[in-house]
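K.L.:
This is the structure, below, for whatever I ask next.
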Amino acid sequence: MARRIAAGAAYGGGSIGLLGAAAVGLVLAEVQLAKRSVGGGTAPLPPRGDGLYGLAFGRSNPLILGVLGDSTAAGQGVRRAGQTPGALLASGLAAVAERAVEVRNVALPGAQSDDLERQATLLLADRTRTPDVCVIMIGANDVTHRMPPTQSVRHLAAAVRRLRTAGAEVVVGTCPDLGTIEPVYQPLRFLARRVSRQLAAAQTIVVVEQGGRTVSVGDLLGPEFAANPREMFGADNYHPSAEGYATAAMAMLPTVCAVLGVWPESDRLEADRHEDMLPVAKAAATAAKEAGTEVTAARAPWALLKHRRRRRLPTPAPTPEPSPAPEARRG
């Protein structure tokens, strides 16, 4: 299905429905229940996370990180700028690269993939400040607003191609698994998961074809969300909490660093971590099932499937205490 969606986008095909017409009637009642439950709380408007991070490394010649997408990219659900995905990624990138990072966040809450053209235009307006790397997080609103998937991935492919042509590296966090949202009940939960994964796989195919890399967002990156939904989701039970955004940023940071050449790369794939070289469509489908999986282009039509370790900063070894001086001999 993901291959058909990507092909339809590439060749101007019409809408390829992710759900059959018979399934629509089946889930209408569940949709209404979910709408009453999701958003029961109030998510604060996202704080502006634009600015310079890693000032300890100086202000001159900073890396520029562009952030595009929807409310998840903007950081809706948290109250502090430092808790937004862009700020978290910039702080981590600055620590790894030992260089200041400037964040330019043009993401818009409620945005669908057709808004990426406008966002890319804002980022590329100043040709002297082209981003070094762009992070895109998009797809959830495409599903909930029933945008045709071929149209969705066509807009994404165009945005990635435009950013890559301008000289920016691109990392895309693919469509999250909407089946993890607590107020969504069966059978809508199963169908939401299926639709989300199919769109995520199709997004991966077109992004890799345009020279970008993807990280599967899936259930918002990690079993923590399934085990601790009260902590990982925000007040509205829909957007991530501060802990949730930190988990997502931790999984995406290695790929953001890798595209800039500041993360150790290895040509050896680790079989025990289920890393492999697969046809692009198969790699995309595999990544959609396992959150935190990176897909990057290899020799066409192959792609590398990677599970990067979430490395922690080394803990300094404790300084040994000096031995007590021996007592002087009495004469």
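The values are calculated or read from the model by the stated rules, or taken from the named source; none is laboratory data. Please read all numbers here as calculations on a predicted model, not as lab measurements. Ideal geometry is used to build each Cβ from the backbone, glycine not excepted, and the neighbour counts take in all protein chains shown. For accessibility, only protein heavy atoms count, side chains too; no ligands or nucleic acids. Shrake-Rupley method; radii C 1.70, N 1.55, O 1.52, S 1.80 Å.
K.L.:
Rounded to the nearest percent, how much of the accessible area of region 32-167 (1.4 Å probe, protein heavy atoms only) is carbon and sulfur? Walk me through the numbers on the way to the answer.
P.N.:
Details: 2950 of 6100 Å².
Percent of accessible area from carbon and sulfur atoms in region 32-167: 48.
K.L.:
Sticking with this structure for a sec: Quick check on region 95-134: what are the equivalent-ellipsoid semi-axes from the Cα gyration tensor, as sqrt(5λ), descending, whole Å? Write out the running numbers ahead of the final one.
P.N.:
Details: eigenvalues 105, 37, 10 Å².
Working from the Cα gyration tensor, I get semi-axes of 23, 14, 7 Å.
K.L.:
Provide the packing ranking of 47-54, 104-111, i.e. peptides ordered by the mean count of other C-beta atoms within 10 Å per residue, highest first. Write down the numbers at each step before the final one.
P.N.:
Numbers: 47-54: 18.5, 104-111: 20.8.
Top of the packing list down: 104-111, 47-54.
K.L.:
I need the peptides 114-122, 199-207 ranked by packing, meaning the mean over residues of other C-beta atoms within 10 angstrom, with the highest value on top.
P.N.:
Descending packing order for the listed peptides: 199-207, 114-122.
K.L.:
Whose amide H sits under 5 Å from the amide H of residue 214, counting only residues 5 or more places off or on another chain, with H placed in the peptide plane?
P.N.:
Distant-sequence amide H within range of residue 214: 172, 295.
K.L.:
Rolling a 1.4 angstrom probe over the protein chains, ignoring ligands and nucleic acids, what is the accessible area of residue 175 in square angstrom, nearest 10?
P.N.:
Taking all protein chains as shown, residue 175 has close to 0 Å².
K.L.:
Residue by residue through region 198-205, which ³J(HN,Hα) values in whole Hz follow from phi under the Karplus form 6.51 cos²θ - 1.76 cosθ + 1.60 (θ = phi - 60°), with glycine and proline marked x?
P.N.:
Per-residue couplings from phi come out as 5, 5, 4, 5, 5, 4, 4, 4 Hz.
K.L.:
If you don't mind, another one. Please list the non-local residues whose amide H lies under 5 Å from the amide H of residue 70, H modeled 1.01 Å from N, same-chain partners needing a gap of 5 or more.
P.N.:
Excluding prolines and chain starts, which carry no amide H, the hits are 108, 137.
K.L.:
Taking amide H atoms as placed 1.01 Å from N in the peptide plane, list the residues 5 or more away in sequence, or in a different chain, whose amide H sits under 5 Å from that of residue 275.
P.N.:
Those qualifying (amide H under 5 Å, at least 5 residues apart or on another chain) are 270.
K.L.:
Explain nothing, just compute: Karplus ³J(HN,Hα) = 6.51 cos²θ - 1.76 cosθ + 1.60, θ = phi - 60°, for every residue of region 70-82 in order, whole Hz, x for Gly and Pro.
P.N.:
Using θ = phi - 60°, the values come out as 10, 4, 5, 5, 6, x, 5, x, 10, 10, 10, 4, x Hz.
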